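Before we start, here is the structure in question, set down as C-alpha coordinates.
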Amino acid sequence: MGETPVRDDGTVKRSAEYVGSFPVDDCCLDDQMQQLHTQLKSLKTCKKRRSVSLKFSIKGVKMYDEDETTILMAHALRRVSLSTAHPSDAQFAFVSHNPGNPDAQLYCHLFKASHARAAQFLNLLLCRCFQLSYLEKHPEEAQVESAGPLPNCTPSLLNQGFPLSVSALVSFRRAPTQGLLPGEKVFPLKNNSATTEEQPSIQENFITSPSLVRKKAIRNKVLRSGAYRSFTYTPHKQRHLQDRLNSPQGKGQDKMPVRRARAPSLAETEEALAQAVWCWAGITTDSSSSLLAEDVLGSYLLCPHPKRPGCDSLIIRFSSGLITHLIDNTYKGKYQLENCQQEFCTIAALIEHYTKFKEELDFPLSCARVNHCYEWEENVGKAHQSLKRKNAEYNQRKQWV
(Lines give C-alpha, C1' and ligand atoms only; values in the text may rest on other atoms or scores of the structure.)
Protein backbone atom coordinates (compact mmCIF):
# COMPACT_ATOMS: atom_id res chain seq x y z
CA MET A 1 0.00 0.00 0.00
CA GLY A 2 3.07 2.20 -0.05
CA GLU A 3 3.82 5.07 2.25
CA THR A 4 1.23 6.72 4.43
CA PRO A 5 0.32 10.19 3.11
CA VAL A 6 0.56 12.55 6.08
CA ARG A 7 -0.72 16.11 5.99
CA ASP A 8 0.85 19.09 7.72
CA ASP A 9 -1.61 18.79 10.61
CA GLY A 10 -0.47 15.21 11.33
CA THR A 11 -3.56 13.48 9.93
CA VAL A 12 -3.68 10.45 7.65
CA LYS A 13 -6.51 10.11 5.14
CA ARG A 14 -7.95 6.86 3.85
CA SER A 15 -11.05 5.92 1.86
CA ALA A 16 -13.57 3.29 2.94
CA GLU A 17 -17.29 2.47 2.88
CA TYR A 18 -19.37 3.10 5.97
CA VAL A 19 -21.71 0.20 6.76
CA GLY A 20 -23.33 1.60 9.89
CA SER A 21 -23.27 1.28 13.68
CA PHE A 22 -24.83 -0.95 16.30
CA PRO A 23 -24.95 -0.79 20.13
CA VAL A 24 -22.44 -2.74 22.19
CA ASP A 25 -23.33 -4.16 25.60
CA ASP A 26 -21.56 -2.92 28.68
CA CYS A 27 -19.80 -6.12 29.75
CA CYS A 28 -16.29 -7.43 30.34
CA LEU A 29 -13.75 -6.98 27.57
CA ASP A 30 -13.58 -10.63 26.49
CA ASP A 31 -17.38 -10.94 26.25
CA GLN A 32 -17.52 -7.66 24.40
CA MET A 33 -15.03 -8.89 21.82
CA GLN A 34 -17.03 -12.07 21.32
CA GLN A 35 -20.15 -10.01 20.69
CA LEU A 36 -18.29 -7.85 18.18
CA HIS A 37 -17.04 -10.87 16.22
CA THR A 38 -20.58 -12.27 16.02
CA GLN A 39 -22.02 -8.99 14.79
CA LEU A 40 -19.27 -8.42 12.23
CA LYS A 41 -19.80 -11.86 10.72
CA SER A 42 -23.53 -11.22 10.39
CA LEU A 43 -22.91 -7.90 8.58
CA LYS A 44 -20.21 -9.01 6.15
CA THR A 45 -22.73 -9.38 3.33
CA CYS A 46 -24.51 -6.08 4.00
CA LYS A 47 -24.94 -4.23 0.69
CA LYS A 48 -26.04 -0.90 2.13
CA ARG A 49 -22.84 1.16 2.31
CA ARG A 50 -21.73 4.74 1.80
CA SER A 51 -18.36 5.88 0.46
CA VAL A 52 -16.58 8.07 2.99
CA SER A 53 -13.16 9.48 3.79
CA LEU A 54 -11.55 8.75 7.16
CA LYS A 55 -8.94 10.98 8.78
CA PHE A 56 -6.81 9.64 11.62
CA SER A 57 -4.70 11.57 14.12
CA ILE A 58 -3.71 11.30 17.77
CA LYS A 59 -6.58 13.69 18.50
CA GLY A 60 -9.27 11.44 17.08
CA VAL A 61 -11.08 10.03 14.05
CA LYS A 62 -13.19 12.06 11.64
CA MET A 63 -15.45 10.80 8.89
CA TYR A 64 -16.21 12.98 5.85
CA ASP A 65 -18.29 12.40 2.79
CA GLU A 66 -16.63 11.17 -0.35
CA ASP A 67 -15.83 14.69 -1.56
CA GLU A 68 -14.46 15.69 1.88
CA THR A 69 -16.75 18.72 1.97
CA THR A 70 -19.05 17.69 4.82
CA ILE A 71 -18.04 16.15 8.12
CA LEU A 72 -20.36 13.30 9.03
CA MET A 73 -18.90 12.09 12.32
CA ALA A 74 -16.08 13.03 14.69
CA HIS A 75 -14.77 11.11 17.68
CA ALA A 76 -12.15 12.32 20.14
CA LEU A 77 -9.54 9.60 20.59
CA ARG A 78 -10.10 9.48 24.34
CA ARG A 79 -13.72 8.47 23.66
CA VAL A 80 -12.74 5.51 21.43
CA SER A 81 -12.39 2.36 23.51
CA LEU A 82 -10.94 -0.15 21.02
CA SER A 83 -10.19 -0.93 17.39
CA THR A 84 -10.49 -4.22 15.52
CA ALA A 85 -10.61 -5.69 12.03
CA HIS A 86 -11.57 -8.80 10.08
CA PRO A 87 -9.11 -8.72 7.18
CA SER A 88 -10.60 -11.83 5.58
CA ASP A 89 -13.90 -9.96 5.18
CA ALA A 90 -12.24 -6.55 4.56
CA GLN A 91 -13.93 -5.17 7.68
CA PHE A 92 -12.64 -2.48 10.03
CA ALA A 93 -14.46 -1.28 13.14
CA PHE A 94 -13.98 0.75 16.30
CA VAL A 95 -16.07 1.12 19.45
CA SER A 96 -16.80 4.54 20.96
CA HIS A 97 -19.33 6.78 22.62
CA ASN A 98 -21.46 8.90 20.34
CA PRO A 99 -20.30 12.54 20.50
CA GLY A 100 -22.38 14.63 22.89
CA ASN A 101 -24.41 11.65 24.04
CA PRO A 102 -24.82 11.84 27.83
CA ASP A 103 -25.58 8.16 28.33
CA ALA A 104 -22.98 5.44 28.72
CA GLN A 105 -24.06 3.50 25.64
CA LEU A 106 -21.23 2.27 23.41
CA TYR A 107 -21.56 1.92 19.65
CA CYS A 108 -19.52 -0.03 17.14
CA HIS A 109 -18.92 1.77 13.83
CA LEU A 110 -18.29 -0.65 10.97
CA PHE A 111 -16.48 0.06 7.70
CA LYS A 112 -15.86 -1.98 4.57
CA ALA A 113 -12.46 -1.59 2.94
CA SER A 114 -11.54 -2.26 -0.68
CA HIS A 115 -9.55 -5.39 0.24
CA ALA A 116 -8.07 -7.27 3.18
CA ARG A 117 -4.82 -5.32 3.42
CA ALA A 118 -6.68 -2.01 3.34
CA ALA A 119 -8.86 -3.11 6.28
CA GLN A 120 -5.80 -4.22 8.19
CA PHE A 121 -4.07 -0.92 7.46
CA LEU A 122 -7.03 1.11 8.80
CA ASN A 123 -6.87 -0.90 12.00
CA LEU A 124 -3.11 -0.42 12.29
CA LEU A 125 -3.52 3.34 11.89
CA LEU A 126 -6.01 3.62 14.75
CA CYS A 127 -4.00 1.23 16.96
CA ARG A 128 -0.91 3.34 16.37
CA CYS A 129 -2.88 6.45 17.30
CA PHE A 130 -3.70 4.76 20.61
CA GLN A 131 -0.01 4.13 21.27
CA LEU A 132 1.10 7.63 20.30
CA SER A 133 -1.61 9.15 22.49
CA TYR A 134 -0.38 7.06 25.41
CA LEU A 135 3.18 8.24 24.78
CA GLU A 136 2.03 11.84 24.74
CA LYS A 137 0.25 11.48 28.09
CA HIS A 138 2.96 9.33 29.70
CA PRO A 139 6.34 10.64 28.50
CA GLU A 140 8.06 9.03 31.49
CA GLU A 141 7.35 5.62 29.95
CA ALA A 142 8.94 6.49 26.63
CA GLN A 143 11.69 4.19 25.43
CA VAL A 144 15.20 5.63 25.45
CA GLU A 145 18.35 4.35 23.82
CA SER A 146 21.85 4.62 25.15
CA ALA A 147 24.41 6.63 23.26
CA GLY A 148 27.24 4.60 24.82
CA PRO A 149 29.96 5.81 27.19
CA LEU A 150 31.90 8.91 26.30
CA PRO A 151 35.45 8.26 25.10
CA ASN A 152 38.07 8.38 27.84
CA CYS A 153 40.47 10.46 25.74
CA THR A 154 40.15 12.98 22.99
CA PRO A 155 41.87 12.56 19.61
CA SER A 156 45.67 12.21 19.91
CA LEU A 157 46.58 15.40 18.02
CA LEU A 158 44.31 17.55 20.14
CA ASN A 159 45.42 15.79 23.31
CA GLN A 160 48.92 17.25 22.93
CA GLY A 161 47.63 20.68 23.88
CA PHE A 162 48.62 22.30 20.58
CA PRO A 163 46.63 25.34 19.41
CA LEU A 164 44.02 24.80 16.74
CA SER A 165 46.29 26.35 14.13
CA VAL A 166 48.47 23.24 14.34
CA SER A 167 45.56 21.27 12.95
CA ALA A 168 47.40 21.92 9.70
CA LEU A 169 49.26 18.77 10.66
CA VAL A 170 46.12 16.85 9.94
CA SER A 171 45.91 18.43 6.52
CA PHE A 172 49.48 17.39 5.74
CA ARG A 173 48.73 13.80 6.58
CA ARG A 174 45.30 13.70 4.94
CA ALA A 175 45.97 15.98 1.98
CA PRO A 176 45.10 14.45 -1.37
CA THR A 177 48.62 15.17 -2.67
CA GLN A 178 51.09 12.56 -1.45
CA GLY A 179 54.87 12.89 -1.23
CA LEU A 180 57.39 15.21 0.39
CA LEU A 181 57.23 18.94 0.63
CA PRO A 182 58.85 20.96 -2.16
CA GLY A 183 62.60 21.16 -1.60
CA GLU A 184 62.61 18.15 0.77
CA LYS A 185 65.64 15.93 0.37
CA VAL A 186 65.55 12.17 0.28
CA PHE A 187 68.35 10.54 2.22
CA PRO A 188 69.54 7.26 0.74
CA LEU A 189 69.63 4.20 2.90
CA LYS A 190 73.01 2.90 3.94
CA ASN A 191 71.82 -0.66 3.99
CA ASN A 192 71.46 -1.69 0.36
CA SER A 193 69.54 -4.80 1.33
CA ALA A 194 66.58 -2.71 2.45
CA THR A 195 63.70 -2.73 0.01
CA THR A 196 62.13 0.37 -1.44
CA GLU A 197 58.87 -0.48 0.31
CA GLU A 198 60.52 0.37 3.63
CA GLN A 199 61.65 3.82 2.51
CA PRO A 200 58.39 5.72 3.02
CA SER A 201 58.22 4.72 6.67
CA ILE A 202 61.85 5.81 7.26
CA GLN A 203 61.30 9.08 5.42
CA GLU A 204 58.22 9.68 7.46
CA ASN A 205 60.25 9.32 10.66
CA PHE A 206 62.21 12.48 9.76
CA ILE A 207 58.97 14.48 10.07
CA THR A 208 57.65 13.65 13.52
CA SER A 209 57.84 16.95 15.39
CA PRO A 210 54.93 19.38 14.87
CA SER A 211 57.26 22.37 15.19
CA LEU A 212 59.58 20.99 12.47
CA VAL A 213 56.68 20.47 10.12
CA ARG A 214 55.50 24.01 10.68
CA LYS A 215 58.98 25.52 10.20
CA LYS A 216 59.61 23.52 7.03
CA ALA A 217 56.26 24.65 5.63
CA ILE A 218 57.04 28.31 6.28
CA ARG A 219 60.63 28.06 5.04
CA ASN A 220 59.58 26.42 1.78
CA LYS A 221 56.74 28.97 1.39
CA VAL A 222 54.15 26.23 1.14
CA LEU A 223 51.93 27.90 3.74
CA ARG A 224 51.18 31.55 4.30
CA SER A 225 50.21 33.34 7.47
CA GLY A 226 46.79 32.25 8.68
CA ALA A 227 46.78 29.18 6.45
CA TYR A 228 47.07 26.64 9.25
CA ARG A 229 43.68 25.11 8.73
CA SER A 230 42.62 21.53 8.38
CA PHE A 231 41.06 20.08 5.23
CA THR A 232 38.68 18.02 7.32
CA TYR A 233 37.79 20.22 10.31
CA THR A 234 35.44 23.18 10.01
CA PRO A 235 35.65 26.12 12.47
CA HIS A 236 32.44 24.90 14.10
CA LYS A 237 33.91 21.44 14.74
CA GLN A 238 37.13 23.02 16.01
CA ARG A 239 35.24 25.11 18.55
CA HIS A 240 33.26 22.03 19.60
CA LEU A 241 36.43 19.99 20.14
CA GLN A 242 38.11 22.88 21.98
CA ASP A 243 35.11 23.12 24.34
CA ARG A 244 35.44 19.41 25.04
CA LEU A 245 39.13 19.88 25.80
CA ASN A 246 38.45 22.79 28.15
CA SER A 247 35.77 20.87 30.03
CA PRO A 248 36.98 19.02 33.17
CA GLN A 249 38.14 15.53 32.23
CA GLY A 250 36.13 12.73 33.73
CA LYS A 251 33.26 14.99 34.73
CA GLY A 252 30.07 13.10 34.07
CA GLN A 253 31.96 10.31 32.31
CA ASP A 254 30.49 7.70 34.63
CA LYS A 255 27.01 8.68 33.57
CA MET A 256 25.75 7.05 30.42
CA PRO A 257 24.37 9.72 28.06
CA VAL A 258 20.86 8.94 27.01
CA ARG A 259 18.96 10.16 23.99
CA ARG A 260 15.34 9.59 23.09
CA ALA A 261 14.53 7.34 20.22
CA ARG A 262 13.29 8.86 17.00
CA ALA A 263 10.02 10.65 17.51
CA PRO A 264 7.34 8.17 16.45
CA SER A 265 4.66 9.27 14.00
CA LEU A 266 2.09 7.96 11.53
CA ALA A 267 4.38 8.78 8.60
CA GLU A 268 5.35 5.17 8.03
CA THR A 269 5.14 2.61 5.28
CA GLU A 270 2.67 -0.22 5.77
CA GLU A 271 5.43 -2.59 6.89
CA ALA A 272 6.94 -0.05 9.29
CA LEU A 273 3.53 0.82 10.70
CA ALA A 274 2.75 -2.84 11.37
CA GLN A 275 6.14 -3.30 13.02
CA ALA A 276 5.52 -0.24 15.23
CA VAL A 277 2.15 -1.56 16.41
CA TRP A 278 3.46 -5.08 17.03
CA CYS A 279 6.49 -3.80 18.97
CA TRP A 280 4.60 -0.98 20.72
CA ALA A 281 7.38 1.23 19.37
CA GLY A 282 8.43 4.09 21.63
CA ILE A 283 7.11 2.49 24.84
CA THR A 284 9.38 0.56 27.19
CA THR A 285 9.03 -3.22 27.25
CA ASP A 286 8.01 -3.23 30.92
CA SER A 287 5.26 -0.68 30.33
CA SER A 288 4.12 -2.48 27.18
CA SER A 289 3.85 -5.76 29.07
CA SER A 290 1.77 -4.10 31.79
CA LEU A 291 -0.57 -2.63 29.20
CA LEU A 292 -0.73 -5.95 27.35
CA ALA A 293 -2.08 -7.64 30.49
CA GLU A 294 -5.13 -5.36 30.24
CA ASP A 295 -5.63 -5.75 26.50
CA VAL A 296 -7.88 -8.07 24.52
CA LEU A 297 -7.49 -11.84 24.52
CA GLY A 298 -4.89 -12.84 21.95
CA SER A 299 -3.13 -9.46 21.80
CA TYR A 300 0.64 -9.68 21.65
CA LEU A 301 3.93 -7.83 21.91
CA LEU A 302 6.87 -8.48 19.59
CA CYS A 303 10.14 -7.90 21.45
CA PRO A 304 13.66 -9.34 21.85
CA HIS A 305 13.76 -12.54 23.87
CA PRO A 306 15.05 -11.84 27.40
CA LYS A 307 17.21 -15.00 27.57
CA ARG A 308 18.13 -15.66 23.93
CA PRO A 309 20.24 -12.83 22.46
CA GLY A 310 19.59 -12.32 18.77
CA CYS A 311 16.17 -13.96 18.91
CA ASP A 312 12.73 -12.35 19.03
CA SER A 313 9.72 -13.43 21.04
CA LEU A 314 5.96 -12.95 21.19
CA ILE A 315 4.42 -12.12 24.54
CA ILE A 316 0.79 -13.17 24.16
CA ARG A 317 -2.10 -12.41 26.46
CA PHE A 318 -4.09 -15.58 27.16
CA SER A 319 -6.85 -16.15 29.71
CA SER A 320 -4.20 -17.59 32.04
CA GLY A 321 -2.02 -14.49 31.74
CA LEU A 322 0.97 -13.38 29.70
CA ILE A 323 3.03 -16.15 28.08
CA THR A 324 6.31 -15.61 26.24
CA HIS A 325 6.90 -17.67 23.07
CA LEU A 326 10.35 -17.77 21.53
CA ILE A 327 10.62 -17.10 17.78
CA ASP A 328 13.38 -19.52 16.83
CA ASN A 329 15.66 -19.05 13.82
CA THR A 330 15.86 -22.42 12.08
CA TYR A 331 18.91 -23.72 10.24
CA LYS A 332 17.06 -23.01 6.98
CA GLY A 333 16.97 -19.30 7.80
CA LYS A 334 13.26 -19.37 8.59
CA TYR A 335 11.21 -18.48 11.68
CA GLN A 336 9.38 -20.91 13.91
CA LEU A 337 7.28 -20.23 16.99
CA GLU A 338 8.24 -22.16 20.08
CA ASN A 339 6.41 -25.50 20.48
CA CYS A 340 4.95 -25.12 16.97
CA GLN A 341 5.78 -27.11 13.85
CA GLN A 342 5.31 -24.74 10.91
CA GLU A 343 8.13 -22.53 9.59
CA PHE A 344 7.80 -19.12 7.92
CA CYS A 345 10.00 -16.96 5.75
CA THR A 346 9.23 -13.77 7.69
CA ILE A 347 7.93 -12.81 11.13
CA ALA A 348 5.07 -10.96 9.42
CA ALA A 349 3.97 -14.20 7.74
CA LEU A 350 4.19 -15.98 11.10
CA ILE A 351 1.97 -13.39 12.80
CA GLU A 352 -0.51 -13.38 9.92
CA HIS A 353 -0.83 -17.18 10.03
CA TYR A 354 -1.45 -17.44 13.76
CA THR A 355 -3.98 -14.60 13.52
CA LYS A 356 -6.08 -16.85 11.27
CA PHE A 357 -5.36 -20.22 12.91
CA LYS A 358 -4.53 -20.93 16.52
CA GLU A 359 -3.09 -24.44 15.89
CA GLU A 360 -0.81 -25.19 18.87
CA LEU A 361 -1.69 -21.90 20.63
CA ASP A 362 -4.40 -21.62 23.27
CA PHE A 363 -6.02 -18.78 21.34
CA PRO A 364 -5.39 -17.19 17.92
CA LEU A 365 -3.55 -13.88 17.80
CA SER A 366 -5.81 -10.84 17.74
CA CYS A 367 -5.33 -7.69 15.69
CA ALA A 368 -7.65 -5.76 18.03
CA ARG A 369 -6.22 -3.28 20.51
CA VAL A 370 -7.59 -1.39 23.49
CA ASN A 371 -7.16 2.35 23.88
CA HIS A 372 -5.41 2.66 27.24
CA CYS A 373 -6.17 6.41 27.30
CA TYR A 374 -9.90 5.78 26.95
CA GLU A 375 -12.12 7.92 29.20
CA TRP A 376 -15.54 6.61 30.13
CA GLU A 377 -16.98 9.96 31.19
CA GLU A 378 -17.26 12.93 28.87
CA ASN A 379 -15.50 15.27 31.29
CA VAL A 380 -13.58 13.18 33.78
CA GLY A 381 -11.79 16.14 35.37
CA LYS A 382 -14.97 18.19 35.82
CA ALA A 383 -16.87 15.22 37.21
CA HIS A 384 -14.08 14.51 39.71
CA GLN A 385 -13.98 18.16 40.86
CA SER A 386 -17.76 18.26 41.20
CA LEU A 387 -17.76 15.11 43.33
CA LYS A 388 -14.94 16.48 45.47
CA ARG A 389 -16.82 19.77 46.00
CA LYS A 390 -20.01 17.95 47.00
CA ASN A 391 -18.13 15.82 49.52
CA ALA A 392 -16.53 18.92 51.03
CA GLU A 393 -19.91 20.67 51.36
CA TYR A 394 -21.40 17.57 52.94
CA ASN A 395 -18.61 17.30 55.50
CA GLN A 396 -18.92 20.99 56.34
CA ARG A 397 -22.67 20.71 56.97
CA LYS A 398 -22.05 17.63 59.07
CA GLN A 399 -19.65 19.55 61.31
CA TRP A 400 -22.18 22.35 61.93
CA VAL A 401 -24.89 19.86 62.84
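Ranking request for peptides 280-288, 25-33: highest mean number of other beta-carbon atoms within 10 Å first, then the rest in descending order.
Numbers: 280-288: 18.9, 25-33: 12.9.
The packing order, highest mean first, is 280-288, 25-33.
Which FRET efficiency value, to the nearest 0.05, do you get for Val144 and Asp31 by plugging their Cβ-Cβ distance into 1/(1 + (r/R0)^6) with R0 = 45 Å?
About 0.75, to the nearest 0.05.
Just to confirm the filter: which chymotrypsin sites (Phe, Trp or Tyr not before Pro) across region 301-346 are DSSP coil and have at most 10 other Cβ within 10 angstrom of their Cβ? It would help to have the intermediate numbers written out before the result.
Values: sites: Phe318, Tyr331, Tyr335, Phe344; in loops: Tyr331.
Sites meeting the loop and neighbour criteria: Tyr331.
Sticking with this structure for a sec: Can you give me the distance in nm between label points at Glu294 and Lys332, each placed 7 Å from the Cα along the Cα-to-Cβ direction?
4.2
Taking a ≥ b ≥ c as the square roots of the Cα gyration tensor eigenvalues, with a/c under 1.5 meaning rounded and otherwise prolate when a/b beats b/c, else oblate, which class fits region 270-370?
Since a/c stays below 1.5, the shape of region 270-370 is classed as rounded.
Next up: Suppose the chain between Leu72 and Lys137 were pulled fully straight at 0.36 nm per residue; how much longer would it get relative to their current alpha carbon spacing?
Once the chain is fully extended between Leu72 and Lys137, it gains 20.6 nm.
How much length is gained if the chain between His115 and Asn339 is pulled fully straight, taking 0.36 nm per residue apart and subtracting their Cα-Cα distance, in nm to one decimal?
77.4 nm is the gain from fully extending His115 to Asn339.
Let me ask something else about it. What is the gain in length, in nm to one decimal, between Phe22 and Arg308 on full extension, counting 0.36 nm per residue of separation less the C-alpha to C-alpha distance?
98.4 nm
In terms of the Cα gyration tensor, with a ≥ b ≥ c the square roots of its eigenvalues, is region 23-99 rounded because a/c is under 1.5, prolate because a/b exceeds b/c, or oblate?
Oblate, since a/c reaches 1.5 and b/c is not below a/b.
For a quick protection proxy, order the peptides 301-311, 78-88 by their average other-Cβ count within 10 Å, most packed first. Kindly include the intermediate steps, with their values, before the conclusion.
Working: 301-311: 13.9, 78-88: 21.5.
Ranked from most to least packed, the peptides come out as 78-88, 301-311.
Quickly work out the Glu375-to-Asp89 label distance, labels modelled 7 Å from Cα along the C-beta direction, and quote it in nm with one decimal.
Label-label distance for Asp89 and Glu375, simple model: 3.3 nm.
I'd like the accessible area for Lys356: 1.4 Å probe, protein heavy atoms, all chains in place, Å² to the nearest 10.
Ignoring ligands and nucleic acids, Lys356 comes out at about 130 Å².
Nothing charged except the Cβ atoms of Lys and Arg (+1) and of Asp and Glu (-1): what's the magnitude of the dipole of region 270-370 about its Cα centre? Round to the nearest 20 debye.
It comes to approximately 100 debye.
Sticking with this one: State to the nearest 20 debye the size of the charge dipole of region 14-96 about its Cα centre, where the only charges are +1 on K and R beta carbons and -1 on D and E beta carbons.
With Lys and Arg at +1 and Asp and Glu at -1, about 180 debye.
Given labels modelled 7 Å from the Cα in the Cβ direction, how far is it in nm from Ile323 to Phe363?
Going from the Ile323 label point to the Phe363 one covers 1.1 nm.
The values are calculated or read from the model by the stated rules, or taken from the named source; none is laboratory data. In this text the structure is predicted, and so the values were computed from the model without any measurement. Virtual Cβ from ideal backbone geometry, glycine too; neighbours counted across all protein chains shown. SASA here: full protein model, heavy atoms, side chains in, ligands and nucleic acids out. Shrake-Rupley method; radii C 1.70, N 1.55, O 1.52, S 1.80 Å.
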